[in-house]
Amino acid sequence: MRKKILLIGLNYHNYTQEVVRELERQGHEVRFYDIQPGKPALKVMRKFFPWKYQAALDLYHKGILEREKDRHTDMVLFIQVHQMSIENLEAMKRLYPSSEFVLYNWDAVSNHDYRPFMSYFDRIYTFDPADANALGVHYLPLFCLRDFQGVRRRDRSGKAVYTVGNIVNPIRYEAIKRFQRYCSQKAIPFHAFMVASTHGFTQLLKNGHLPYDVSLFSISMPKFVELIEGASAAFDFANHRQSGYTMRTIENLCAGRKIITNNSGIRDEPFFSEDRIHVFKDLDFTGVDEFLKVPLKNPDEVFESFHIDQFTRRLMGA
């Protein structure tokens with residue numbers, strides 16, 4: 001059944017826009033609004049006048065309500081909601097009393113607490129299995145974009161590793177640098193693309209780092225695919241305390257790459273195998289060199305259940 005969808009979510013890199021495009025491919029009509037827009041005035045206010053920022057953001061959200069008040073909507077879909085005030089969410093519920101309200105969270109509740117908003121939604125999904133169990137909501141892992149579903153399945157006899165990471169705090173930067181040193185000692189080719197916001201870059205400087213190797217601009221998709229195609233494995237380090245799997249984990253699983261991760265919960269997943277996934281603890285990379293030498297038992301497995309079309313169908317209740 002085709003639906004008219006009002007989607008309000010964090011416009012994070014190109015992931016949210018790809019969700020919009022996938023819903024449209026499936027025949028739905030989607031109207032999208034960024035829940036935390038990167039408008040210059042709001043960005044300046046958030047950084048230098050934080051006590052005024054929420055009021056300005058509330059006013060922006062009220063503007064969405066005003067623009068949408070006369071339009072029919074079957075579903076109101078949020079990808080994150082904690083940036084919106086309860087008052088504005090209640091106003092939206094009054095505006096669409098017969099619409100289905102659905103929430104997807106791609107952050108753990110320990111990082112962004114969405115519990116005060118839960119009673120306003122008909123269905124709630126989270127990427128974090130521990131949160132799903134604790135809160136009694138649906139577990140829905142993240143997804144693999146179409147770009148990564150078609151990457152070349154190169155000869156995996158090599159040991160090259162890559163990572164693409166958003167540096168929101170110094171912990172991930174330090175982990176990547178530590179892994180870089182390990183790779184250097186073991187003669188493992190390692191390629192890292194790290195990106196940070198101006199805030200994240202400033203935090204690195206405050207913590208005594210000279211982040212010459214961190215970009216302020218996101219990686220292009222062709223460059224991203226090039227890095228994946230040139231590697232046999234990916235290094236993954238979660239930014240926050242979470243049991244959910246990062247986008248990097250899902251993307252590389254679907255792209256047929258080995259995964260080196262600090263998320264120990266992955267051992268309990270049906271897709272886990274020791275030839276495909278290596279779990280490290282406390283930045284101890286012992287065994288990574290040997291892990292990279294082990295060939296995949298099922299190198300052509302594509303893990304279709306994690307593809308973005310399956311993800312969006314789950315969001316739609318299919």
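Things to note:
- Calculated P(r) of the chain - Cα pairs past 25 Å, %: 54
- Heavy-atom accessible area with a 1.4 Å probe sorts Met45, Met247, largest first, into Met45, Met247.
- Pairwise inverse Cα distances across the range 64-182, averaged and inverted, put the Kirkwood hydrodynamic radius at 17.8 Å.
- Summed residue charge, Cβ within 12 Å of Asp289's Cβ, Lys/Arg positive, Asp/Glu negative: +2
- Projected over every direction and averaged, the convex hull enclosing the alpha-carbon atoms of the range 1-85 yields 5.9 nm².
- Using alpha-carbon coordinates, inclination of helix 15-25 to the longest axis of the chain, degrees: 70
- Per residue, the accessible area of the range 89-201 comes to 44 Å², computed with a 1.4 Å probe over protein heavy atoms only.
- Across the range 114-190, the relative contact order, built from alpha-carbon pairs under 8 Å that are at least six residues apart, equals 19 percent.
- Of the trypsin sites (Lys or Arg not before Pro) found in the range 171-260, those in coil by DSSP whose Cβ has at most 14 other Cβ atoms within 10 Å are Lys186, Arg241.
- Karplus 3J(HN,Hα) series, Hz, for the range 265-277 with 6.51 cos²θ - 1.76 cosθ + 1.60 (x for Gly, Pro): x, 5, 5, 8, 7, x, 8, 6, 8, 5, 7, 9, 10
- Each residue of the range 164-171 was assigned a 3J(HN,Hα) from its phi angle through the Karplus curve 6.51 cos²θ - 1.76 cosθ + 1.60 (θ = phi - 60°); the sequence is 10, x, 8, 8, 8, 8, x, 4 Hz, with glycine and proline shown as x.
- Inter-centroid distance (Cα atoms) of the range 175-207 relative to the range 250-318, Å: 22
- Averaging the sequence gap over all C-alpha pairs within less than 8 Å and six or more residues apart, then dividing by the number of residues, gives the range 181-301 a relative contact order of 19 percent.
- Near Gln36, the amide H atoms lying under 5 Å from its own belong to Asn11; only residues 5 or more places off or on other chains count, and H is placed 1.01 Å from N.
- Whole-Hz ³J(HN,Hα) from phi, Karplus 6.51 cos²θ - 1.76 cosθ + 1.60, for the range 213-227, glycine and proline x: 9, 10, 8, 9, 10, 5, 5, 6, 4, x, 5, 4, 4, 4, 5
- Computed over the chain: relative contact order in percent, which uses C-alpha pairs under 8 Å that are six or more apart: 16
- Once the Cβ-Cβ distance of Arg146 and Ser273 is raised to the sixth power relative to R0 = 25 Å, the FRET efficiency obtained is 0.50.
- Amide H contacts under 5 Å for Val30, placed H, 5+ residues apart: Ile5
- For His307, the residues 5 or more places off, or on other chains, whose built amide H falls under 5 Å of its own are Cys144.
- Here the accessible area is traced with a 1.4 Å probe on the protein chains. For the range 153-224, carbon and sulfur cover 56 percent of it.
The values are calculated or read from the model by the stated rules, or taken from the named source; none is laboratory data. Values in this document were obtained by computation on a predicted structure and should not be read as measured data. Neighbour counts run over all protein chains shown; Cβ positions are idealised from the backbone, glycine included. All accessible areas refer to the heavy atoms of the entire protein, side chains included, with ligands and DNA or RNA removed. Shrake-Rupley method; radii C 1.70, N 1.55, O 1.52, S 1.80 Å.
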